[in-house]
1. Being closer than 30 Å to Ser70 by Cβ, surrounded by 11 or more Cβ atoms within 10 Å (Cβ to Cβ) and within 15 Å of the chain's Cα centre (by Cα) is the filter here, so list the residues in the range 1-27 that pass it.
2. Exactly one of these conditions fails for Ala122: (1) closer than 30 Å to Ser68 by Cα; (2) crowded, with 19+ Cβ neighbours inside 10 Å. Give me its number.
3. Pairs, please: C-beta under 9 Å, at least 6 apart or cross-chain, first residue touching a residue at least 24 places away in the same chain (Cβ under 8 Å) and in the range 36-56, second among the polar types (S, T, N, Q) and crowded, with 22+ Cβ neighbours inside 10 Å?
4. Can you say whether Ser100 is at pLDDT below 95 and within 19 Å of Ala128 (Cβ to Cβ), as far as the supplied structure shows?
5. Is there a residue being at pLDDT 95 or above, assigned to a loop (DSSP other than H, G, I, E, B) and not hydroxyl-bearing (Ser, Thr, Tyr) anywhere in the range 43-59?
6. Taking the options Tyr62, Tyr71, name whichever one is in contact (Cβ under 8 Å) with a residue 12 or more places away in the chain and more than 16 Å from the chain's Cα centre (by Cα).
7. Consider Gly108 carefully, then state whether it is surrounded by fewer than 21 Cβ atoms within 10 Å (Cβ to Cβ), touching a residue at least 40 places away in the same chain (Cβ under 8 Å), among the small types (Gly, Ala, Ser) and outside any helix (DSSP H, G or I).
8. Have a look at Val75, Val91 and point out the one that is at pLDDT below 95 and part of a helix (DSSP H, G or I).
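The values are calculated or read from the model by the stated rules, or taken from the named source; none is laboratory data. What you see is a predicted model, and the numbers here were worked out from it, not measured in a lab. No Cβ is skipped: glycine too gets one built from the backbone with ideal geometry, and neighbour counts run over all protein chains shown.
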Amino acid sequence: MADLFLGFGLYFVTALVLTGVFLYLYALVTPYDDYELIFHKNNTAAALGFGGAIVGVATPMYSALVHSVSYVDFVIWGAIAIAIQLLFALVATRGKTKFSVVKQIESGVVPVGVLMAFLAIAIGLLNAGSMSY
């Protein structure tokens, strides 16, 4: 019985650490200061986009937890989940098209934050589904 609790603790704490790593790296990948916008400027658009990114990475992390055959397998798939979500964030926020989101997020344009959230969640669902082969 103790082994079950130790296993749970190991996987859960690792998932939290991986999520923390994602939160740190996501803030580095986006060209705006997510934490400043959310906690000091009360920017709803940034909070929505960031929240979507959290759900977007938690979804494939869950899939990795469920489908992995070992602890190392979980860590590898968790890292892949993070990499894919960060790649999406990099492309979505650094693109130099007419749909550039940087100014809209910084200005607090809520529909853009909602769109970013749903795109991040969609990428996370596709990411998770791809892990379930």
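1. Looking only at the range 1-27, we keep the residues that are closer than 30 Å to Ser70 by Cβ, and these are 1-26.
Next, only the ones that are surrounded by 11 or more Cβ atoms within 10 Å (Cβ to Cβ) stay: 7, 10-12, 14-19, 21-23, 25-26.
Result: Ala15, Leu16, Val17, Leu18, Thr19, Val21, Phe22, Leu23, Leu25, Tyr26.
2. Unmet for Ala122, out of (1) closer than 30 Å to Ser68 by Cα; (2) crowded, with 19+ Cβ neighbours inside 10 Å: (2).
3. Hits for this filter: Leu37/Asn43; Ala46/Thr30; Gly49/Thr30; Phe50/Thr30; Ala53/Thr30; Ala53/Gln85; Gly56/Gln85; Gly56/Asn127.
4. On the way: at pLDDT below 95: yes; within 19 Å of Ala128 (Cβ to Cβ): no.
So Ser100 fails the test.
5. Yes, the range 43-59 contains a residue that is at pLDDT 95 or above, assigned to a loop (DSSP other than H, G, I, E, B) and not hydroxyl-bearing (Ser, Thr, Tyr).
6. The unique qualifying residue is Tyr71.
7. Details: surrounded by fewer than 21 Cβ atoms within 10 Å (Cβ to Cβ): yes; touching a residue at least 40 places away in the same chain (Cβ under 8 Å): yes; among the small types (Gly, Ala, Ser): yes; outside any helix (DSSP H, G or I): yes.
Spelling it out, Gly108 is indeed surrounded by fewer than 21 Cβ atoms within 10 Å (Cβ to Cβ), touching a residue at least 40 places away in the same chain (Cβ under 8 Å), among the small types (Gly, Ala, Ser) and outside any helix (DSSP H, G or I).
8. On the way: Val75 fails: at pLDDT below 95.
After applying the criteria, what remains is Val91.
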